[in-house]
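One structure is given below, encoded as structure tokens.
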Amino acid sequence: MSVQDAYNKVFSNFQRVREYLAPVLKNSKFKETGCITPEEFLAAGEFLVYKCPTWQWEGGFDDKKKDYLPTDKQFLVTRNVPCIRRARQMEFTEDEDQETQIDADDGDSWMYTHSTRVTKTMDEIAQTIMTEEEEEAEIRKGLEKLDVEDIPDLDDIPDMDDIPDMDDQVEEEEDPVSNLYFYYYYYFTYINYLSLDKVLQVRTYDVFITYDKYYQTPRIWLFGYDEERRPLTSTQVFEDVSQDYVKKTVTIETHPHLALSLASIHPCKHAEVMKRIIERMSDGTDSQDEEKGIRVDQYLIIFLKFMSSVIPTIDYDHTIST
């Protein structure tokens, strides 16, 4: 066990004790601080399940249930999320060859990856979250670039009934030996194709969201499988995490509702980033018009988009449509 792993284990035990002793947040402060209450976590989870049916509530083990959440809605999970590429494949580009470390006021430092999906400051992370109006504007720009003249006239498209059947165009071979030769030729060609390294290898992940009582924010947990549905080792899981976060922001800890050691994204910065995102998305709206601002039930939708900066190749975000 490395020094870093030993430190993570001791710190994980300390966190469990600290969370146990922490009081439950009662008053809503999600716009002011980025934190949410257990009731708001439940409301945001219900909205996420409604918008994305791939997410479901689960209760976990009876001896690990938290009394501030319903027994059957302790945490959220989505299963078999595809992960086609490794994070290192997205790390660097020709224009991104430097590491960036930001020093916070409390003495901690925050590392940012060089992936095109990862920003370098908290404000830039907030800028990546688009409002519905901005998304509609992007769609309109794409439609304006379409060349209508390139679209063929419907009269020029042949009727399917007018296209001759391929069987009518191929003459049946008379020589059975020749037929047998071509049969084996294409059969072994196909087998050789399946054995090539170019066949797509896909990992999958089960992604969990729990509520952290101490930090008063959601927390992401990851359990991965290889292409043959065998559990990934911690080293393999870290291959799918932006490298600047490995063993710093992302560590191996015990799931609070399951007897499993999983990769987890530490929530110490979640509230700060969510506060900045909420502030940006609320700019220009009337403080008395709550319908136009960010609602607390939308919290997890925004949270998951932000989390993609840490796990850019785990493609859970394709299920989200708000």
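Computed quantities for the displayed model
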| item | result |
| --- | --- |
| Residue count, segment 247-284 (criterion: open to solvent by 30 Å² or more (accessible area, probe 1.4 Å) and either assigned to a loop (DSSP other than H, G, I, E, B) or on the phi > 0 side of the Ramachandran plot (or both)) | 7 |
| Candidate set from segment 38-58 (those that are in a loop (DSSP other than H, G, I, E, B) and at pLDDT below 95); member that is most open to solvent (accessible area, probe 1.4 Å) | Pro53 |
| Tabulated pairs, segment 260-287, first modelled with pLDDT of 90 or more, second acidic (Asp, Glu) and outside any loop (DSSP other than H, G, I, E, B), C-beta under 8 angstrom, 6+ apart or interchain | Ser261/Glu253; Leu262/Glu253; Ser264/Glu253; Pro267/Asp212; Lys275/Glu32; Arg276/Asp123 |
| Residue within segment 185-194 that is modelled with pLDDT of 90 or more, open to solvent by 20 Å² or more (accessible area, probe 1.4 Å) and at negative phi present | no |
| Residue check for Thr217: in contact with a Lys or Arg (Cβ under 7 Å, 6 or more places away or on another chain), surrounded by 21 or more Cβ atoms within 10 Å (Cβ to Cβ) and not acidic (Asp, Glu) | no |
| Condition check for Asn80: within 24 Å of the chain's Cα centre (by Cα) and modelled with pLDDT under 95 | yes |
| Residue under evaluation Asp244, criteria (1) outside any strand (DSSP E or B); (2) in contact with a strand residue (DSSP E or B) (Cβ under 8 Å, 6 or more places away or on another chain); (3) open to solvent by 10 Å² or more (accessible area, probe 1.4 Å); (4) at pLDDT 90 or above, criterion not met | (4) |
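The values are calculated or read from the model by the stated rules, or taken from the named source; none is laboratory data. This is a predicted model, so every value here is computed, not measured. FYI the Cβ positions are ideal-geometry reconstructions off the backbone, even for glycines, and counts take in every protein chain you see. What goes into the accessible areas is simple: the full protein's heavy atoms, side chains included, and nothing from ligands, DNA or RNA. Shrake-Rupley method; radii C 1.70, N 1.55, O 1.52, S 1.80 Å.
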